[in-house]
1. Give me the one-decimal nm value for the distance between modelled label points at GLU156 and ARG215, 7 Å along each residue's Cα-to-Cβ direction.
2. Report the equivalent ellipsoid semi-axes for segment 155-197 in whole Å, largest first, defined as the square roots of five times the eigenvalues of the gyration tensor built from alpha carbon atoms.
3. Taking loop as defined by DSSP and a crowding limit of 11 other beta carbons within 10 Å, which GluC sites (Glu not before Pro) in segment 191-252 fit?
4. What do you get for Rg/Rh of segment 70-213 when both radii come from the Cα atoms and Rh is the Kirkwood radius?
5. Need one number: % antiparallel among DSSP beta bridges in segment 103-261, to the nearest 5.
6. Could you tell me the center-to-center distance, by alpha carbons, between segment 93-112 and segment 22-75 in angstrom?
7. Multiply the residue separation of MET74 and VAL196 by 0.36 nm, subtract the distance between their alpha-carbon atoms, and state the gained length in nm to one decimal.
8. If you stretched the chain out fully between LEU59 and LYS108, how much longer would it get, using 0.36 nm times the residue separation minus the C-alpha to C-alpha distance?
Amino acid sequence: MIVVKIGGSVVCKDASKVIQNLPKYADRAVVIHGGGCLVNELLKRMGIEPKFLTHPGGLVSRYTDWETLKVFVMAMGWINKYIVASLHGLGVQALGLTGADLGVVVAKRKERVLVIDERGRQRVVDGGYVGKIAEIRVDKLTPPPLKVLAPVAVSEKGELLNIDGDQLAFDVAREAKAERLILLSDVEGLILGGKVVPRLTPEEAEKLVKSEEVRGGMKRKLLMASEAAKLGIEVVISSGLVDSPIDAALNGAGTHIIKNI
Ligand SMILES: Nc1ncnc2c1ncn2[C@@H]1O[C@H](COP(=O)(O)OP(=O)(O)OP(=O)(O)O)[C@@H](O)[C@H]1O
Ligand SMILES: [Mg+2]
């Protein structure tokens with residue numbers, strides 16, 4: 001199985017290249033998508049300023065209060081159905097779902113989270129509606145039909161929760177014992193010193209999470225890539241904006257994170 005994560009950065013720019021490449025993999029893939037940029041755009045249009053929390057170690061997450069959660073689920077719903085409808089146009093009958101549908105992704109609400117405040121001090125704050133993934137019903141995600149999964153989970157109490165798309169892609173890859181995890185974004189791969197890094201070991205990827213040259217969403221990608229690669233899953237971080245991006249990723253484009261190279 002191949003887990004393909006279509007980054008929100010791709011969706012907001014041009015998802016057509018990756019969608020056109022998906023029919024070829026419909027019988028052996030699971031698609032996960034992001035959508036952070038659309039969530040930000042909708043929040044701003046509604047007069048709500050997007051808020052982010054920085055955690056120790058440098059990872060950043062969206063502060064998701066009740067109003068933000070509604071916008072988050074709406075944005076992800078649109079992206080999910082947009083992908084499914086586009087696939088239908090290509091003759092692929094896909095099933096789009098959130099983690100709440102069939103209880104495919106159950107998460108525990110993070111009631112309190114540790115953050116680094118503006119003065120650089122550690123503080124515990126309310127976690128909002130953000131989930132830590134507890135269980136994935138991977139049997140429901142195996143094709144056919146091709147599943148397109150939004151980064152929304154459900155708690156045991158029945159709450160919708162925001163979960164990170166890269167984390168979800170990693171958890172699905174692990175549970176499905178996938179051979180490959182392809183993280184498609186709007187950059188050609190991990191860029192250091194102006195160049196795409198072709199290969200990394202999981203240990204190298206993990207160290208780079210703290211590097212000043214690695215910022216924003218790339219930190220979490222490297223962390224997830226390192227975890228996946230340690231389990232023997234080959235991870236590719238590459239561009240979703242090029243022609244046939246999945247073929248390209250499988251043919252060596254981007255940054256490949258592999259154990260024992
Ligand atoms: N060293 C780096 N090399 C490549 N990209 C980097 C680096 N440091 C930071 N980035 C940023 O990481 C971004 C990709 O992560 P980001 O989380 O923004 O997108 P995504 O995962 O595709 O979208 P979403 O999180 O909505 O699914 C790139 O757009 C780039 O600006
Ligand atoms: Mg991201």
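1. Each label point lies 7 Å from its Cα, and together they span 4.1 nm.
2. Those come to 29, 15, 7 Å.
3. The qualifying sites are GLU212, GLU213.
4. Values: Rg = 17.6 Å, Rh = 17.5 Å.
Computed over Cα atoms, the ratio is 1.01.
5. Antiparallel bridges: around 65 percent, rounded to the nearest 5.
6. Segment 93-112 and segment 22-75 have Cα centres separated by 14 Å.
7. On the way: separation 122, 0.36 × 122 = 43.92 nm, distance 3.44 nm.
Using 0.36 nm per residue and subtracting the Cα-Cα distance, I get 40.5 nm.
8. Answer, rounded to one decimal: 15.7 nm.
The values are calculated or read from the model by the stated rules, or taken from the named source; none is laboratory data. Note that this is a predicted model, so its numbers are computed, not measured. No Cβ is skipped: glycine too gets one built from the backbone with ideal geometry, and neighbour counts run over all protein chains shown. Just the protein is used for accessible areas: all its heavy atoms, side chains included, with ligands, DNA and RNA removed. Shrake-Rupley method; radii C 1.70, N 1.55, O 1.52, S 1.80 Å.
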